[in-house]
1. Could you grab me the full set of residues in the stretch 27-44 that are buried (at least 17 other Cβ atoms within 10 Å of the Cβ) and either among the aromatic types (Phe, Trp, Tyr) or within 13 Å of His137 (Cα to Cα) (or both)?
2. Would you check if there is a residue in the stretch 160-168 being more than 16 Å from Phe32 (Cα to Cα), among the small types (Gly, Ala, Ser) and at pLDDT below 95?
3. Condition first: of a type in the set (Gly, Ala, Ser), assigned to a loop (DSSP other than H, G, I, E, B) and farther than 21 Å from Gly152 by Cβ. Now tell me which residues in the stretch 3-55 satisfy that.
4. Among the residues of the stretch 120-129 satisfying the criterion of being within 13 Å of the chain's Cα centre (by Cα) and at pLDDT 95 or above, which is surrounded by the fewest Cβ atoms within 10 Å (Cβ to Cβ)?
5. Quickly run through the stretch 96-105 and pick out the residues that are without any contact (Cβ under 8 Å) to a residue 40 or more places away in the chain and surrounded by 14 or more Cβ atoms within 10 Å (Cβ to Cβ).
6. For the stretch 63-105, give me the residue count where each residue is part of a helix (DSSP H, G or I) and touching a Leu at 6+ places or on another chain (Cβ under 9 Å).
Amino acid sequence: MEIKQHTVAALTWTLTDTLGETLDVLDEPVEFLVGGDDLLARIDEALLGRSAGDTLSLHLEPEDAFGDYRENLLFLEARTLFPDSLEEGMIIEGSALPAGCNPEAPRDLFYTVTEIYPEHVVLDGNHPLAGIALRLHIKVCAVRAATADEVGCGSAGTGFFRIQPPAGGTPALH
């Protein structure tokens, strides 16, 4: 079966930066809805017409991946606004930012706690891969028709390139 819009492709891959540093490896096939919200548009386009067994290598500039790094998405917030359990690397949903945080911080983003100081916390609303050119080496392991539910929700259940808080909510605010 050939990949077209609204088919599900089971993929393995290796994602690296342009210096060859490995950023992510999928050793076992994972299913993604092509033409939905699971993959970046450039990856969807490159997969069209491919079949099980095909391999491809993509070079993604920031504008094809996670955009340029934007300094205006860095926010310095008072440490007292956050619980003592706050740790670097935690992800906070913008809509769950504590009262008193900068009203200019978009509430539709996810923020990574990048640094914690005695008086301040640094929140970064950029995707962790923003500003980075990427190389993606993909193998198509299987292709199948998408179910009506998958097409309806725009996903095969794997939004691999989306930043989401861990299951169970936002740990920084528990």
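1. Answer for the stretch 27-44, where residues must be buried (at least 17 other Cβ atoms within 10 Å of the Cβ) and either among the aromatic types (Phe, Trp, Tyr) or within 13 Å of His137 (Cα to Cα) (or both): Phe32, Ile43.
2. yes
3. Pass one, the stretch 3-55, residues of a type in the set (Gly, Ala, Ser): 9-10, 20, 35-36, 41, 46, 49, 51-53.
Filter again for assigned to a loop (DSSP other than H, G, I, E, B), leaving 20, 35-36, 49, 52-53.
Across the stretch 3-55, the qualifying residues are Gly20, Gly49, Ala52, Gly53.
4. Within the stretch 120-129, the first condition is being within 13 Å of the chain's Cα centre (by Cα), and the residues that meet it are 125-129.
Then keep just the ones that are at pLDDT 95 or above; that gives 125-126.
Details: Gly125: 20, Asn126: 22.
The residue in question is Gly125.
5. In the first step, residues of the stretch 96-105 are kept if they are without any contact (Cβ under 8 Å) to a residue 40 or more places away in the chain; the result is 97, 99-105.
Of everything in the stretch 96-105, those that are without any contact (Cβ under 8 Å) to a residue 40 or more places away in the chain and surrounded by 14 or more Cβ atoms within 10 Å (Cβ to Cβ) turn out to be Leu97, Cys101, Ala105.
6. Quick first cut of the stretch 63-105, residues part of a helix (DSSP H, G or I) only: 63-64, 71-73, 79-81, 94-96.
Now narrow it down to the ones that are touching a Leu at 6+ places or on another chain (Cβ under 9 Å): 64, 73, 79, 81, 94, 96.
Result for the stretch 63-105: 6.
The values are calculated or read from the model by the stated rules, or taken from the named source; none is laboratory data. This is a predicted model, so every value here is computed, not measured. In this analysis, Cβ positions are derived from the backbone assuming ideal geometry, glycine residues included, and neighbour counts consider all displayed protein chains.
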